[in-house]
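Engineer: Questions regarding the structure given below will be posed in turn.
The values are calculated or read from the model by the stated rules, or taken from the named source; none is laboratory data. Just so it is clear, the structure is predicted and the values come from calculations on it, not from any experiment. Note that each Cβ is placed from the backbone with ideal geometry, even for glycine, and that neighbours are counted across all protein chains shown.
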Amino acid sequence: MIRGWASNKVAALNKQKNDLATEYNFLDNEAEQGRLPQLGLDRLKVVADELDNIWSLEEIKARQRSRDRNILEGDRNIAYFQALANQRARKKTVDCLMGPNGLVHEKFGMINIAVDFYKKLFAKDSRDDFTFHSDFWDTDGLVTEAENSLLTAPFSEEEIKDAVFSSYAEGAPGPDGLSFLFYQKFWGVVKHDLVKLFDDFYRGNLDLHRLKFATISLIPKVAEAKDMKILDQLV
């Protein structure tokens, strides 16, 4: 749902930018000809400011996609950011994977290879059952009552906020398509839902099945990596 909302927002923003650019060109031409009244000049300034805001948003988005943390906002290096992002994309591209019958280039064939790899990787290993005797742990190594109370205490809003704001704001977005920057900027809006989510988790009322999904990205460790064993798995 959030991805669909984001797509609609981007489309609406692009349309707004095109409409504003058309209006700006018309007003600017009229101003050069001396045919624009004061009301029109005021509107020209408003349109220019709105276009500048949109360009700033596009620049921030391009910088986040490039993952370059050393360039500040306002540098207007959109082409540079896009070049960085494209270069990163080329380096991370996996063109083929080695399967049981040789190299596979077809997309769905590579997906099947990756799925089979992870099914085996995360499969439960068979092992003999074993238990520890009650005196296995030394008394000094056990958790104290005070430590246990701290570990089992409900999540506080301050604790959740510290975790959110201590995370890198412009890192890779999660499966919901949002980075920590969204949660930090709109903390006042989303905090109530987040605190309720953690509270439900603490009480055992949270439907974990809806939250346990993850996005796995295959990142080559070496150039032209073709074997699943030499690919970094970023979860």
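Engineer: Where in the range 1-107 are the helices (runs of 4 or more DSSP H), entirely inside, with at least 1 residues that are modelled with pLDDT of 55 or more and among the β-branched types (Val, Ile, Thr)?
Structural biologist: 2-32, 38-66
Engineer: Name, by its number, the condition in (1) touching a helix residue (DSSP H, G or I) at 6+ places or on another chain (Cβ under 9 Å); (2) without any contact (Cβ under 8 Å) to a residue 60 or more places away in the chain; (3) of a type in the set (Phe, Trp, Tyr) that does not hold for Phe117.
Structural biologist: That leaves (2) as the condition not met.
Results for (1) at pLDDT below 85; (2) assigned to a helix (DSSP H, G or I); (3) of a type outside the set (S, T, N, Q); (4) surrounded by 10 or more Cβ atoms within 10 Å (Cβ to Cβ), shown as yes or no for each residue.
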{"site": "Ala114", "(1), (2), (3), (4)": "yes, yes, yes, yes"}
{"site": "Tyr118", "(1), (2), (3), (4)": "yes, yes, yes, yes"}
{"site": "Thr131", "(1), (2), (3), (4)": "yes, no, no, no"}
{"site": "Phe136", "(1), (2), (3), (4)": "yes, no, yes, no"}
{"site": "Glu147", "(1), (2), (3), (4)": "no, yes, yes, yes"}
{"site": "Phe155", "(1), (2), (3), (4)": "no, no, yes, yes"}
{"site": "Glu158", "(1), (2), (3), (4)": "no, yes, yes, no"}
{"site": "Asp162", "(1), (2), (3), (4)": "no, yes, yes, yes"}
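Okay, residues lined up against (1) over 33 Å from the mean Cα position of the chain (by Cα); (2) surrounded by 11 or more Cβ atoms within 10 Å (Cβ to Cβ); (3) without any contact (Cβ under 8 Å) to a residue 60 or more places away in the chain:
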site	(1), (2), (3)
Lys15	no, no, yes
Ala31	yes, yes, yes
Glu50	no, yes, yes
Ile54	no, yes, yes
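Engineer: Working carefully through the options Tyr202, Tyr183, find the one that is under 25 Å from Val10 (Cα atoms), at pLDDT 85 or above and of a type in the set (Ser, Thr, Tyr). Let's see the steps before the verdict.
Structural biologist: Working: Tyr202 fails: under 25 Å from Val10 (Cα atoms).
Among Tyr202, Tyr183, only Tyr183 is under 25 Å from Val10 (Cα atoms), at pLDDT 85 or above and of a type in the set (Ser, Thr, Tyr).
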